[in-house]
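Participant: Can you read through this structure? Questions will come right after.
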Amino acid sequence: MNVTSLETFSLVAPEIVLVLAALVAYLGGAFAGLRFGWLVAAAGIVAAMSVTRGQAADAAFSAGISVDPFSTYIRWTVLGLGLLLCLVQSGDLFAAAVSRGPGLHRGSTCEEAGTFLLLLAGLSLVGVAGDLVLLFAGLELVSIPTYILLGLKRTDARGQEASLKYFFLSLVASAIFLYALVCLYGIGGSTDLGAIAARLNAEATGRTAQALLPLAIGLGVVGAAFRLAAVPMHFYAPDVYEGTSPGNAALLSTLPKVAGIVVLARLLALVGPAASPDLLWRIVVVLAAVTMTVGNVMALWQSNLRRLLACSSIAHAGYLLVGIAAAAAPSISPRLLTTGGLSATLFYLATYAIATIGVFGAIAYLGHRWPEWTSGSGPRPPREEIATVDDLDGLSGTNPVAAFAIAVFLLSLAGIPPLPGFWGKLALAISALEVDGTAAIELGSRRAWFVGLAVLLVLNAAIAAAYYLRIIAAMYFKTTKRGVQADGGLSAGVAMLVCLVLVGLVTIRPRSLLSAASRAGESLVPHVAAPSANLPDPTDTVAAR
Amino acid sequence: MNGFSPSSHLLLTIAAPLVGAVIAWLIGSRGVSAVRQSAAVTTLVTLALAAWLIVRYLADPATASGLPYGLVEFPWLTEGIFDVRFSLGLDGLSLWMFGLAALLSVTAVFVSWDAIKDRPVGFYVLLLVLEAAMLGVFAARDVILFYVFFEFTLVPLFFLIGIWGHDERRRAAVKFFIYTLTGSVLTFLGLLTIVLWHAAHANVVTFDIESLVDGTKIHPLPMTAAGGWLQMVVFLALLAGFAVKVPIVPLHTWLPLAHVEAPTGGSVDLAGVLLKLGIYGFLRFSMPMLPEATAVAAPWLFGLGVAGIVYGALVALVQTDLKRLIAYSSVSHMGYIVMGLFALTPVATEGANLQLVNHGLSSAGLFALVGMIYERFHTRNIASLGGIASKAPWLAVFFMLFTFSSIGLPGLNGFVGEFMILLGSFQRAWSGVSPAWQFAYLVMALLAVAGVVLGAWYMLWAVERAIFGGSREPPRTSGHGHDAGHGGHGGHGAAGTDHDRCDLRWYELCAVLPLAVFVFWIGLTPATFLAPAAPAVRKATAAPAAAFAARMQAETTATVARITTP
């Protein structure tokens, strides 16, 4: 594949646009006002979107860059989420600007916007990376801006603790992941993913591969688990979310998860058909089961809103892993036309991210509230940031739109039909039940593992409903005299409303998103599927009825 | 109006409450009375549409042969393995439940007329959304669409209980939601397993309920050790959700709490329609799709039904709260329906199917009247009530009527259903089971008969204490004290107007009168209501009944062989 360097540049044009926009934001920040940075960021993202749109969607390989439906889907996800997060993050700006409190830092927003754009560029690169080095570089380009954003946003002790905690753990996770890459290089003798896959297929029983592959799989999964906030690298999430702003929490609960899913998907594509396929799905099944249960059970006891959502994001990482596990154990019944596990995960990722950003956007938008105070009982105490579930008491009376939006997002996260979260869980449950779909459920068989996983998935959805309902009950069933400020800035409110509209669209037409996710998943992990001629045309069945 | 096709008629009927909900929300600023009037008009229009649809259904000769009526179909999620369609239609199983949902929604609006002062817009909007979901769930012809409506009914009811309920409303709302959700997610997996099994073996991906019923006849789920007892596993998964909904006895604990804490309108919908979803699920999915597993489970579920009858009745007997008593009587009466369903004889299953409607009418009527009593006397404690018959004679008349309907007085609707269920159960016990089961079946059937006596006891005893007897608690609306001997004819004037104020008002009459009409109608001409449903019920239960008969035959043969061989 001889491609000129100019063509290579054109393949990563969206990322280049993002980096250029970041430079504009950095340099222009010296001259322009507070709002400038996020305007540049939004413009940069939109420009990157238009460039992505112009690119051909068919697979193009060049120097470790693969532009295929999978990476295009990831790009669109990243850019779409980036635009939403941009709105939420600039909402943080206003909260910081009006607050005289000690913990929140004023200014520095242009730098924040630039850093945020670099993060998006890194994530987008992870999506297109077809090479170990580029993959790792992209991941680091995600991590380093994250440290900066975490550190910039809050300067009180708790904020510092959060950013340090994230920093050190992220370093450890990166190191672990690097070992996995080293092992893969050792097997393949090349940094190119395609070359490694070819080598794995050619000598699946070779001694080097036999020894190194399990190690690579294990280390790679652990490295990805940190990004996903999945067990065993999940414990930082509640502390870090609590110690940062709602905007950063929204960022942390979505963008790193995208990176984690991409890494797992690439790993899957690499070793799926190769030497020890049993190992990968067993690890992922166990991780998925433990992660969702741990996340949900932890969440049951939280009273701090951001801690609660952190635990819920751990649980959702577990749900995401269900699809990965199913994709790692391809079905042995090729007659079935399937929507593979990876597609289900990619679909679920989008539905989860929209609802999560919506919730955090709403929290950022609500901002502060007045404490309990009656005139005559001394000076009015300062306003408090909305932090606990109790702070949302009676929100349906004081801010009905935000209360309604939060309720819809939470019901979607809980998987109540017909909201997007339900369609996502439906896709995941089907992908898990499909594994060896025709075999008997015998103890210890692969089918039994996956049926058990599906049962755990839906039971966890019921557990999760308990704490989501607690928030909804606080908003709707309680009354309060403490007014909510809604001083978080209009843009966060806009983000909330946009997410609400997106939730509505996916509810009515889940098909568009699912078919995009399905194409993306198929392109990376082709599923053993019957030719579509095997199935009657949908229009025919209608007519037959 | 021949141009008005049944399909658009059905769609319009289900959409009407949603349109009404939007209207109620838009005119919310005009105050309580505008909102409740619009809600009442909406439910009445929906009822008229539903009634007209039912008339058209009955007039159409094609429906007698079991063809679904008024098909609506749009693709919703057709991608890869998914072929989810927004597909609606009525058939014999769903016809009366569909009508019942429309009828009880009117009742739910009118019983809330004066009771709901706090945030009325939200209340009526949720009530109308709930109505749309209830109509939709019975009309759904797609597995996923059914599940969507099935689960979605929880959301409005959660808010109705949690916001407008009584003292412990928050706990009741959350418990109700979690309990039913936990059960139904397992049902969800069971349904998906059926779909996938069918897709793998028939090579056609379909989520259409009818196609799945036909498909599982050709490719039944394995009921052997080699097949991993898949059919039984799926049956148990479906049972988890349906048994919670009914509720079948060990899983009933959410029901009294939810009923007692719910506002009257919510109780009416919950008792009248939503409890029936469990039974409807058995008839729609478990029985036709998993006949062998149903046959294996039938004796146990029959027994659990009887346990529910007796347990519910005994617990109802000791209740001091009138609403709680009726909630437990629901447990008892749903026990009859479960028992009739799993007796698996044509008479019993048809009776059980009719009893769904009957119980919907009588329990909804009783809950509505208890709500009215509570509004007047601000207590539901039986010991504090009394003498209602003299203060509110019409209320007492209706209370007596629904009580008699509930305990199965001949001539009223409850009698028909209960009689058919017991008759069918005795048929089963007498000649339909193997000798090993016969004794157990006879005992259970006799216990169920004892349950009838218990039912009459607790209901009539409660009526005697609460409705008749001396007055203990004066109505709050009255400024005067009423002593025990104060009849309706003594002092007119101020006391007389108090009595007038205390009796049913026009909107309360609107709430219960339609139900009373049907109580008599079904009681006097049950065939009108049995006939349209009978073919569908028989079709749904034929396969499990045959499987049950085969199983009993095999057991009998085995027993005979054991006795005859030395």
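Participant: Within segment B:382-397, is there a residue that is at pLDDT below 95, among the polar types (S, T, N, Q), surrounded by fewer than 24 Cβ atoms within 10 Å (Cβ to Cβ) and part of a loop (DSSP other than H, G, I, E, B)? Can you show your working first?
Facilitator: Start the filter on segment B:382-397 by keeping residues that are at pLDDT below 95, which leaves B:382-397.
Next cut, among the polar types (S, T, N, Q) only: B:384, B:390.
Keeping just the survivors that are surrounded by fewer than 24 Cβ atoms within 10 Å (Cβ to Cβ) gives B:384, B:390.
Applying the additional criterion that residues be part of a loop (DSSP other than H, G, I, E, B) yields B:384.
The answer is yes; a qualifying residue exists.
Participant: Only one of B:Gly122, B:Gly99 is surrounded by fewer than 24 Cβ atoms within 10 Å (Cβ to Cβ), in a helix (DSSP H, G or I) and at the interface with chain A (Cβ under 10 Å from one of its Cβ atoms). Can you tell me which? Step through it out loud before you land on a result.
Facilitator: On the way: B:Gly99 fails: at the interface with chain A (Cβ under 10 Å from one of its Cβ atoms).
On inspection, the qualifying residue turns out to be B:Gly122.
Participant: Hey, another quick one. Just to be sure I understand, how many residues within segment A:216-237 are surrounded by fewer than 24 Cβ atoms within 10 Å (Cβ to Cβ) and not hydrophobic (A, V, I, L, M, F, W, C)?
Facilitator: Number satisfying all stated conditions: 3.
Participant: Give segment A:405-454 a look and list any residue that's free of Cβ contacts under 8 Å to residues at least 24 places away in the same chain and among the hydroxyl-bearing types (Ser, Thr, Tyr), or say none.
Facilitator: The one that is free of Cβ contacts under 8 Å to residues at least 24 places away in the same chain and among the hydroxyl-bearing types (Ser, Thr, Tyr): A:Ser445.
Participant: Tell me the residue from B:Ala392, B:Ala429 that is more than 25 Å from the chain's Cα centre (by Cα) and under 13 Å from B:Thr345 (Cα atoms), please. Working first, answer last.
Facilitator: Values: B:Ala392 fails: under 13 Å from B:Thr345 (Cα atoms).
Criteria check complete, one pass: B:Ala429.
Participant: Additional query: Quick one: B:Ser184 ticks every box in (1) more than 7 Å from chain A (Cβ to nearest Cβ); (2) in contact with a Leu (Cβ under 8 Å, 6 or more places away or on another chain); (3) within 23 Å of B:Phe86 (Cα to Cα); (4) of a type in the set (Ser, Thr, Tyr) except a single one, so which number is it?
Facilitator: Unmet for B:Ser184, out of (1) more than 7 Å from chain A (Cβ to nearest Cβ); (2) in contact with a Leu (Cβ under 8 Å, 6 or more places away or on another chain); (3) within 23 Å of B:Phe86 (Cα to Cα); (4) of a type in the set (Ser, Thr, Tyr): (2).
Participant: Has segment A:479-492 got any residue that is farther than 21 Å from A:Pro417 by Cα and within 14 Å of another protein chain (Cβ to nearest Cβ)?
Facilitator: As a first pass, look at segment A:479-492 and keep what is farther than 21 Å from A:Pro417 by Cα: A:479-492.
When the remaining residues are screened for being within 14 Å of another protein chain (Cβ to nearest Cβ), the result is A:479.
Within segment A:479-492, one or more residues are farther than 21 Å from A:Pro417 by Cα and within 14 Å of another protein chain (Cβ to nearest Cβ).
Participant: Filter segment B:247-270 for residues that are among the β-branched types (Val, Ile, Thr) and over 20 Å from B:Ala40 (Cβ atoms) and give the result. So that I can check it myself, show each step before the final result.
Facilitator: Taking segment B:247-270 and keeping what is among the β-branched types (Val, Ile, Thr), we get B:248-249, B:253, B:260, B:264, B:268.
Hits for segment B:247-270 are B:Ile248, B:Val249, B:Thr253, B:Val260.
Participant: Against the condition modelled with pLDDT of 90 or more, in a helix (DSSP H, G or I), surrounded by 21 or more Cβ atoms within 10 Å (Cβ to Cβ) and out of contact with any Leu (no Cβ under 7 Å at 6 or more places or on another chain), how does A:Leu118 come out, does it pass?
Facilitator: Criteria not met by A:Leu118.
Participant: Is it true that some residue in segment A:421-444 is crowded, with 24+ Cβ neighbours inside 10 Å and not in a helix (DSSP H, G or I)?
Facilitator: yes
Participant: Which members of segment B:65-85 meet the condition of being surrounded by fewer than 19 Cβ atoms within 10 Å (Cβ to Cβ) and either under 19 Å from A:Lys425 (Cα atoms) or within 7 Å of another protein chain (Cβ to nearest Cβ) (or both)?
Facilitator: Keep residues of segment B:65-85 that are surrounded by fewer than 19 Cβ atoms within 10 Å (Cβ to Cβ), which gives B:65-67, B:71, B:73-75, B:78.
Answer for segment B:65-85, where residues must be surrounded by fewer than 19 Cβ atoms within 10 Å (Cβ to Cβ) and either under 19 Å from A:Lys425 (Cα atoms) or within 7 Å of another protein chain (Cβ to nearest Cβ) (or both): B:Glu73, B:Pro75, B:Thr78.
Participant: Answer yes or no: is there a residue in segment A:379-401 that is farther than 30 Å from B:Gly227 by Cα and modelled with pLDDT of 90 or more.
Facilitator: Checking segment A:379-401: at least one residue is farther than 30 Å from B:Gly227 by Cα and modelled with pLDDT of 90 or more.
Participant: Same structure again: Taking interchain pairs and intrachain pairs at least six residues apart, which have beta carbon atoms under 9 angstrom, with the first residue in segment B:149-169 and at the interface with another protein chain (Cβ under 10 Å from one of its Cβ atoms) and the second in a helix (DSSP H, G or I) and among the basic types (Lys, Arg)?
Facilitator: Hits for this filter: B:Phe150/B:Lys245; B:Ile161/B:Arg169; B:Ile161/B:Arg170; B:Gly162/B:Arg169; B:Gly162/B:Arg170; B:Ile163/B:Arg169.
Participant: Which one of these is within 20 Å of B:Tyr124 (Cβ to Cβ), crowded, with 24+ Cβ neighbours inside 10 Å and at pLDDT 90 or above: B:Ala262, B:Ala258, B:Ala293?
Facilitator: Working: B:Ala258 fails: within 20 Å of B:Tyr124 (Cβ to Cβ); B:Ala293 fails: within 20 Å of B:Tyr124 (Cβ to Cβ).
Checking each option against the conditions leaves just B:Ala262.
Participant: Look at segment A:182-204 and say how many of its residues are within 18 Å of A:Gly223 (Cα to Cα) and crowded, with 19+ Cβ neighbours inside 10 Å.
Facilitator: 3
Participant: Mind counting the residues in segment A:392-417 that are of a type outside the set (Val, Ile, Thr), in contact with a Leu (Cβ under 9 Å, 6 or more places away or on another chain) and either at the interface with another protein chain (Cβ under 9 Å from one of its Cβ atoms) or crowded, with 22+ Cβ neighbours inside 10 Å (or both)? Talk me through it step by step, then tell me what you get.
Facilitator: If we filter segment A:392-417 for residues that are of a type outside the set (Val, Ile, Thr), which is where we start, we get A:392-397, A:399-400, A:402-405, A:407, A:409-415, A:417.
So of that shortlist, the ones also in contact with a Leu (Cβ under 9 Å, 6 or more places away or on another chain) come out as A:392, A:395, A:399, A:402-405, A:409-415, A:417.
Now restrict to residues that are either at the interface with another protein chain (Cβ under 9 Å from one of its Cβ atoms) or crowded, with 22+ Cβ neighbours inside 10 Å (or both): A:392, A:395, A:399, A:402-403, A:405, A:409-415, A:417.
Adding up the residues that qualify gives 14.
Participant: Checking the conditions here, which among B:Val416, B:Val347 is touching a residue at least 12 places away in the same chain (Cβ under 8 Å), among the β-branched types (Val, Ile, Thr), over 23 Å from B:Lys323 (Cα atoms) and surrounded by fewer than 24 Cβ atoms within 10 Å (Cβ to Cβ)?
Facilitator: Working: B:Val416 fails: surrounded by fewer than 24 Cβ atoms within 10 Å (Cβ to Cβ).
The unique qualifying residue is B:Val347.
Here's the yes/no breakdown for (1) over 16 Å from the mean Cα position of the chain (by Cα); (2) not in a helix (DSSP H, G or I):
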site	(1), (2)
A:Met233	no, yes
A:Tyr241	no, no
A:Leu252	no, no
A:Val263	no, no
A:Trp281	yes, no
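Participant: Restricting attention to segment B:214-236, which residues are surrounded by fewer than 24 Cβ atoms within 10 Å (Cβ to Cβ) and within 19 Å of B:Gly183 (Cβ to Cβ)?
Facilitator: Those that are surrounded by fewer than 24 Cβ atoms within 10 Å (Cβ to Cβ) and within 19 Å of B:Gly183 (Cβ to Cβ): B:Met232, B:Val233, B:Leu236.
Participant: Can you say whether B:Thr206 is assigned to a loop (DSSP other than H, G, I, E, B) and more than 7 Å from every other protein chain (Cβ to nearest Cβ), as far as the supplied structure shows? Please lay out each step first, then the result.
Facilitator: Values: assigned to a loop (DSSP other than H, G, I, E, B): yes; more than 7 Å from every other protein chain (Cβ to nearest Cβ): yes.
Yes; evaluated as a whole, the condition is true for this residue.
Participant: Among the numbered criteria (1) free of Cβ contacts under 8 Å to residues at least 40 places away in the same chain; (2) part of a helix (DSSP H, G or I); (3) under 22 Å from B:Ser87 (Cα atoms), which single criterion is violated by B:Ala200?
Facilitator: It fails just one condition, (3).
Participant: Please verify whether A:Val294 is at pLDDT 90 or above and more than 14 Å from chain B (Cβ to nearest Cβ), treating the condition exactly as stated.
Facilitator: Details: at pLDDT 90 or above: yes; more than 14 Å from chain B (Cβ to nearest Cβ): yes.
When the stated conditions are applied, A:Val294 passes them.
The values are calculated or read from the model by the stated rules, or taken from the named source; none is laboratory data. What you see is a predicted model, and the numbers here were worked out from it, not measured in a lab. Cβ coordinates were reconstructed from backbone atoms using ideal geometry, including for glycine residues, and neighbour counts include every protein chain displayed.
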